[in-house]
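K.L.:
Right, I'll just put the structure down here and ask away after.
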Ligand SMILES: Nc1nc2c(ncn2[C@@H]2O[C@H](COP(=O)(O)OP(=O)(O)OP(=O)(O)O)[C@@H](O)[C@H]2O)c(=O)[nH]1
Ligand SMILES: [Mg+2]
């Protein structure tokens, strides 16, 4: 198997729909999922590049693995559930810190999933793909108002750029990187992944130009010689 040229990682709280989004995009279906254990990846060929897309576990007990999956990532998809405000809060409090190991020019997308469950449905501000954004067959349960507004995701995106000390001028605009999706209906799912694929290609090319990732070979590590003065002198 050819080594992937770049990596995209999905992060977010349990149950927000990370696995379902990936399954919808890669397998073109919405099916039952089980809560992810550890992580798993799909390989996607995009133009002449092979991109690995990593699905991670949102469960607290696997939290420690997150930064390992993010290592060298060209893009991170921070996923929340539009009907659970706490899942957006968790992105900042629990998941953003895991992205320290990502590429220095890593891109961030913020994705509010499960829009099909709110009464605004998929109508707000986003282009739809082929599938209808309406209820996916059967009798839909009564829908309440969406609990997280898109503007809140946009605010988080801007906060992330500040936190990462990235200049807004050098990064894609928040409006381009904040999506509302439904893995169930397919709303905006292709748009999300394919926008990111196009954007990560330049990141991959830059990573290649910089050579292989910096790794530490501990077998070659020599401890610094101790001086007589020690640390407190
Ligand atoms: N209505 C609706 N349900 C969804 C959507 N996406 C996921 N679900 C459901 O939400 C539940 C959790 O989905 P998963 O994709 O397993 O969530 P996850 O983020 O991968 O969860 P972990 O693996 O535990 O981190 C499942 O019952 C899905 O069927 C969506 O867009 N709309
Ligand atoms: Mg999962």
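The values are calculated or read from the model by the stated rules, or taken from the named source; none is laboratory data. Treat the numbers as computed from the prediction; the structure is a model and nothing was measured. Positions of Cβ are backbone-derived with ideal geometry, glycine not excepted, and every protein chain shown enters the neighbour counts.
Table: residues versus (1) assigned to a strand (DSSP E or B); (2) modelled with pLDDT under 95; (3) within 13 Å of ligand 2 (Cβ to nearest atom).
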position: 8; (1), (2), (3): yes, no, no
position: 24; (1), (2), (3): no, no, yes
position: 36; (1), (2), (3): no, no, yes
position: 45; (1), (2), (3): yes, no, no
position: 72; (1), (2), (3): no, yes, no
position: 80; (1), (2), (3): yes, no, no
position: 91; (1), (2), (3): no, no, no
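K.L.:
Between 37, 82, which is closer than 30 Å to residue 143 by Cα and either crowded, with 22+ Cβ neighbours inside 10 Å or out of contact with any strand residue (DSSP E or B) (no Cβ under 7 Å at 6 or more places or on another chain) (or both)?
P.N.:
On inspection, the qualifying residue turns out to be 82.
K.L.:
Same structure again: Based on what the data block shows, is residue 65 within 20 Å of residue 99 (Cα to Cα), within 13 Å of ligand 1 (Cβ to nearest atom) and modelled with pLDDT of 95 or more?
P.N.:
In short, no.
K.L.:
Another question about this same structure. Between a first residue in region 42-60 that is in contact (Cβ under 8 Å) with a residue 24 or more places away in the chain and under 14 Å from residue 197 (Cα atoms) and a second residue that is within 10 Å of ligand 1 (Cβ to nearest atom) and outside any strand (DSSP E or B), which pairs have beta carbons less than 8 Å apart while being 6 or more apart in sequence or on different chains?
P.N.:
Pairs that qualify, where the first residue is in contact (Cβ under 8 Å) with a residue 24 or more places away in the chain and under 14 Å from residue 197 (Cα atoms) and the partner is within 10 Å of ligand 1 (Cβ to nearest atom) and outside any strand (DSSP E or B), are 53/22.
Residue-wise test of (1) within 8 Å of ligand 1 (Cβ to nearest atom); (2) crowded, with 18+ Cβ neighbours inside 10 Å.
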| site | (1), (2) |
| --- | --- |
| 7 | no, yes |
| 12 | yes, yes |
| 17 | yes, yes |
| 20 | yes, yes |
| 23 | yes, yes |
| 27 | no, no |
| 33 | yes, no |
| 42 | no, no |
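K.L.:
A further question on this structure: Identify all residues within region 171-191 that are surrounded by fewer than 24 Cβ atoms within 10 Å (Cβ to Cβ), assigned to a helix (DSSP H, G or I) and in contact with a helix residue (DSSP H, G or I) (Cβ under 9 Å, 6 or more places away or on another chain); write none if there are none.
P.N.:
174, 175, 176, 190
K.L.:
Something else now. Being at pLDDT below 95 and either within 16 Å of ligand 1 (Cβ to nearest atom) or farther than 21 Å from residue 6 by Cβ (or both): is that true of residue 155 here?
P.N.:
So residue 155 does not fit the description; no.
K.L.:
Considering every residue within region 101-110, establish whether at least one is within 13 Å of ligand 1 (Cβ to nearest atom) and in a strand (DSSP E or B).
P.N.:
No - not one qualifying residue is present in region 101-110.
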